[in-house]
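Working notes, structure below.
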Amino acid sequence: MVRGKTQMKRIENATSSMQKIIDRYQRLARDVQTNNKAMEQNIQLLKYEYANMEKKIEILEVSKRRLMGEDLGACSIDELQQIERQLEQSLSNIRAKKTQLFKEHIEKLKEKERILKAENEILCEKVQAQQPTIQDREIVPYSQSNPHTDVETELFIGRPERGTDRSEN
């Protein structure tokens with residue numbers, strides 16, 4: 001009989017283990033099914049977003065072509081006026097940015113000019129400090145400054161003598 005009780009216990013344990021395995025399988029199957037539904041919903045949402053993005057891209061491409069002056073044949077007067085306003089606004093923004101960049105460049109150039117002027121003043125002061133003044137210079141008369149004042153030339157002043165050849169002199 002002891003043997004029968006242990007066998008019964010084994011069967012009960014096996015049955016309870018089997019029941020746990022079945023419960024676990026059912027729970028996992030429900031989780032997988034729930035995950036599949038969530039994944040399908042995500043896929044549907046992504047497909048919807050993709051379709052919306054494609055539409056937006058197409059609208060932007062049409063708008064770009066119109067702003068570039070292409071495909072205007074199908075536009076109404078109101079659409080053309082709207083395009084014109086957009087272009088005028090864009091041009092105004094571009095001119096404002098260009099003016100701002102020019103002003104910044106001019107300010108940089110003015111700053112560079114101030115720096116160069118300051119450097120020039122410093123250099124002028126250095127040059128003036130190195131040059132002797134008129135009072136410091138020794139004044140030398142011309143006749144003393146050049147000892148070779150007599151110059152020999154073959155120049156003859158007056159009437160030439162007759163019958164004499166100058167080359168023989």
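Okay, here's what the table says:
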item	result
Every residue from the range 67-103 that is in a helix (DSSP H, G or I) and modelled with pLDDT under 90	67
Any hit, the range 120-135, residues being modelled with pLDDT of 95 or more and among the basic types (Lys, Arg)	no
Only one of 158, 163 that is modelled with pLDDT under 65 and small (Gly, Ala, Ser)	163
Residue count, the range 14-28 (criterion: open to solvent by 70 Å² or more (accessible area, probe 1.4 Å) and either of a type in the set (Ser, Thr, Tyr) or in contact with a Cys (Cβ under 9 Å, 6 or more places away or on another chain) (or both))	2
Meets criteria (charged (D, E, K, R) and over 41 Å from the mean Cα position of the chain (by Cα)) for residue 37	yes
Contacts under 8 angstrom Cβ, first residue in the range 53-71 being surrounded by 11 or more Cβ atoms within 10 Å (Cβ to Cβ), partner at pLDDT below 90, 6 or more apart	62/71; 65/71; 66/72; 66/75
Every residue from the range 72-98 that is surrounded by fewer than 12 Cβ atoms within 10 Å (Cβ to Cβ) and in contact with a Lys or Arg (Cβ under 8 Å, 6 or more places away or on another chain)	none
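The values are calculated or read from the model by the stated rules, or taken from the named source; none is laboratory data. Please read all numbers here as calculations on a predicted model, not as lab measurements. Every residue, glycine among them, receives a Cβ derived from its backbone with ideal geometry; neighbour counts consider all protein chains shown. With ligands, DNA and RNA removed, areas are computed over all heavy atoms of the protein, side chains included. Shrake-Rupley method; radii C 1.70, N 1.55, O 1.52, S 1.80 Å.
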